[in-house]
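Visitor: Please see the structure below; I have some questions.
Where a number appears in this text, it was derived from the coordinates with a stated rule and is not lab data. Nothing here was measured: the structure is a model prediction, and the numbers come from that model. Neighbour counts run over all protein chains shown; Cβ positions are idealised from the backbone, glycine included.
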C-alpha cells in the first residue's frame, strides 16, 4: 500500500493564487507516482471567490477536499483544521501564494523517508523585496523569542514544513485555544531538518499581513510561550520601589541638612506620570495573560466549518 502525502493549504482571499499552486502541486504529484496525494484546502472566511475556486477544484479532482469556515477565524485555526482532517502519512503545511516553493516537496519527502527526521522545516535566508523596517523587526522577534521562551525558532522560519504522522498527532494533542504554530512546532520537539531558500514573490494577489498585524501576532507568540513579560513587570516594580525609597531618603536628608524643601510641581508631575506609565505598562502585560486565560476557560471551538465536501467535525 502506497504512503499518502497530505498538503494542507490555508486560504484567505486567494482566488487568484489558488489555481496556480494547485496546478504546480498536481505537476509534482505526477512526478512522485510512488505516493498518493491529497490536497486539503481550508477557506478562512474569504470574502472573494476563493470558495468557488475550491468547489471547482474538488469537482474535477477527487484528491481535493475543502473546508470553508463560517467566518474568518485566523490562519492558526485554518492550520489546525487542515491538520485535523489530513489523513496522510506525511503532512505538509504551506501558503497558497507560492512564496513557499512547492519544488521543495520531493526533498522534504526524501528526508522523512530516510527515517532520520520526523519534520522537515523551511526558513528564508533572504528577505529581498520586503520593507526594511518589517525585516528588521522580524529578525528581532525571532531573537527575542529564542531568549524569552528557550525554544529554538530559527530566524526566517516559515509555516511551510512536512511532518510525519507521529509529530502531527502530538501537535493535535495540544488543546489550547491561543495557538502559535511556530512555537508549537518547536515545543513538541522531534528530529528536524531545516531547508533554506531565498525569498520568493507572491504568484498573485497581495499579502494579507500588514506591520501591525504582524506585531500583534508577535506579541501573541511571546505571551503564549513565555512568562518573561510578567517577570519583567515584577522586576520593573521592584526597581521603581527601590528608586522611590532612595529618592525619599535623599530628600529627607537634604531637607534636614540644607533646609531645602522640595520645590516645583513640574518635576513632581513628571515623576508621577513616569511611575503611572510604568504601572499601566505592567497592568497591560498582566491583562494580556488574563485575557488569554479568559479565552482558554471559555472552551469555545477554534473554528466552525460552514461547508465542506468531506465529513468532519464542524466545531474544531
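Visitor: Pop a pseudo-label 7 angstrom from the Cα along the beta-carbon direction at both residue 61 and residue 32 and give the gap in nm to one decimal.
Guide: 1.3
Visitor: If the chain between residue 272 and residue 190 were fully stretched, how many nm would it gain, using 0.36 nm times the residue separation less the Cα-Cα distance?
Guide: My answer for the length gained is 24.5 nm.
Visitor: Moving on. Which order results if 291, 122 are arranged by neighbouring Cβ count within 10 Å, fewest first?
Guide: Fewest to most other Cβ atoms nearby, the residues stand as 291, 122.
Visitor: How much length is gained if the chain between residue 166 and residue 280 is pulled fully straight, taking 0.36 nm per residue apart and subtracting their Cα-Cα distance, in nm to one decimal?
Guide: 36.6 nm
Visitor: On to the next question. What nm distance separates the two modelled labels at residue 290 and residue 113, each placed 7 Å from Cα along Cα→Cβ?
Guide: It works out to 5.5 nm between the two label points.
Visitor: Would you mind checking segment 41-66 for residues with the amide N under 12 Å from a putative spin-label position 7 Å along Cα→C-beta of residue 87?
Guide: 63-65
Visitor: Run the paramagnetic zone check for residue 299: 7 angstrom along Cα to Cβ, then residues of segment 167-200 with backbone nitrogen under 18 Å.
Guide: Answer for this model: 173-178.
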